[in-house]
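Worksheet for the structure shown next.
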Amino acid sequence: MERPDLTQALGRLLGPAGPEVGCDECFDDLDGYIELELAGADADAAFPGFRAHLAGCPACRDEHESLCALVGGEQAL
Ligand SMILES: [Zn+2]
C-alpha cells in the first residue's frame, strides 16, 4: 500500500528550496565541490542545491565524506 502522506512529509523534510541536484550530477561534480570546499571557497554558491542533496542522500554523503578524507589527507591540512 502506498503512503502518500509519508512521502510528502519526507519530501518536505528533505526537499531543498532551490534546484535539486541528482545523484549523477552529484557524483560528477563531487571532486570540484570538494576542491572548492577545501580551498575555502563558496562551494555552495558554485554548486547550488549540492549541499541540500548531500543532506538528503546518504549514498552521496558517504561518497563526499570518503573523498573529503582522501583529498584532505593528501593535502595534510
Ligand atoms: Zn545522491
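The values are calculated or read from the model by the stated rules, or taken from the named source; none is laboratory data. Remember, predicted model here, so these are calculated numbers, not experimental data. Please note: Cβ atoms are built from the backbone with ideal geometry, for glycine as well, and neighbour counts cover all protein chains shown. The accessibility values were calculated without ligands, DNA or RNA, using every heavy atom of the protein model including side chains. Shrake-Rupley method; radii C 1.70, N 1.55, O 1.52, S 1.80 Å.
Residues that are among the aliphatic types (A, V, I, L, M) and within 11 Å of the ligand (Cβ to nearest atom) number at least 2 in the following helices (runs of 4 or more DSSP H) confined to the stretch 23-77: 50-56. Evaluating PRO16 against the criteria (1) at pLDDT 75 or above; (2) within 15 Å of the ligand (Cβ to nearest atom) leaves one unmet condition, (1).
Within the option set ALA45, ALA76, being loosely packed, with under 10 Cβ neighbours inside 10 Å and modelled with pLDDT of 85 or more holds for one residue only, ALA45.
Does the stretch 54-65 contain any residue that is over 14 Å from CYS23 (Cβ atoms) and of a type outside the set (A, V, I, L, M)? Yes. Under the condition of being over 19 Å from GLY73 (Cβ atoms) and in contact with a helix residue (DSSP H, G or I) (Cβ under 6 Å, 6 or more places away or on another chain), the residues counted in the stretch 24-62 number 10. When you check ASP5 against the structure, is it at pLDDT 90 or above, open to solvent by 90 Å² or more (accessible area, probe 1.4 Å) and away from the ligand (no atom under 16 Å from the Cβ), yes or no? For ASP5, the condition - at pLDDT 90 or above, open to solvent by 90 Å² or more (accessible area, probe 1.4 Å) and away from the ligand (no atom under 16 Å from the Cβ) - is not met.
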